[in-house]
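Derivation of every value follows stated rules applied to the coordinates shown; laboratory data play no part. Keep in mind that what you see is a predicted model, and the values were worked out from it rather than measured. Here Cβ is always computed from backbone atoms with ideal geometry, including for glycine, and neighbour counts include all displayed protein chains.
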Amino acid sequence: MSRRSGILEFAVLGLLRESPMHGYELRKRLNTSLGIFRAFSYGTLYPCLKTLVANGWLIEEPGGAPADLPPSVGRPVAPASSLAGRRAKIVYRLTAEGKEHFEELLSHTGPDSWEDEHFAARFAFFGQTEREVRMRVLEGRRSRLEERLEKMRASLARTRERLDDYTLELQRHGMESVEREVRWLNELIESERSGRDQRRSSPGGDAQQDTAGEPDGLPRHRDDNRPDPSDDTSQ
């Protein structure tokens, strides 16, 4: 399995954990909610769905509507006879085994979860992820970017004199993108730690559960200049 197909399977399982969906709705959610999948087709999604069904992680249910096609807004409705040959819309539902598999994937915090595309998918489902796992992923991502930043600075120092002004500016832009994401990660990590410490110090804090999806892990921003986790400019 390629890395990108593994990310797609993870994202599909995560979205279907929220609610059952048909193929067109899934594709729309992947494109609008998860920026890393802005440019992919039905030819990519449906083999993934078939694999997940074959593994027992999804089941197909008839939806009773026309096939998975974009809505025909503003176009005349086709006669019933022309729709008779179309297969019914298939709805995909997560099985108990699929939910268990997705929760196992959520608990993974290895190096793959720190890479650009995989981190974006993992971050999109932080609301379903345990706090300690979120912390490990965020700290791993920060460590990876700090290593990248150090290499970029060393490379720039060696080649600065041989670069023209535009190439030099492009290099600086790349460094600034990485630096901005590191600052953003620092804010997230500090907020996660602060939320954890507040619960530990609160009355009866030992009895409180450290559950997933707690909003106090996110920092409060004054503006929208935080980086997009799916932005590839930090490479």
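Quick notes on this one:
- Gain on full stretching of the segment that runs from residue 157 to residue 44 - 0.36 nm per residue minus C-alpha separation: 36.5 nm
- Protection proxy ranking of 7-20, 139-152, by the mean of other Cβ atoms within 10 Å over each peptide's residues and highest first, is 7-20, 139-152.
- Extension gain for residue 51 to residue 115 (0.36 nm times residue separation, less C-alpha to C-alpha distance): 20.6 nm.
- Per-pair calculated FRET efficiency, R0 = 35 Å: residue 104 and residue 180 via Cβ, rounded to 0.05: 0.60
- For the pair residue 169 and residue 60 in one chain, pulling the backbone fully straight at 0.36 nm per residue adds 34.1 nm over the alpha carbon distance.
- With a Förster radius of 22 Å applied to the C-beta separation of residue 191 and residue 150, the computed FRET efficiency comes to 0.30.
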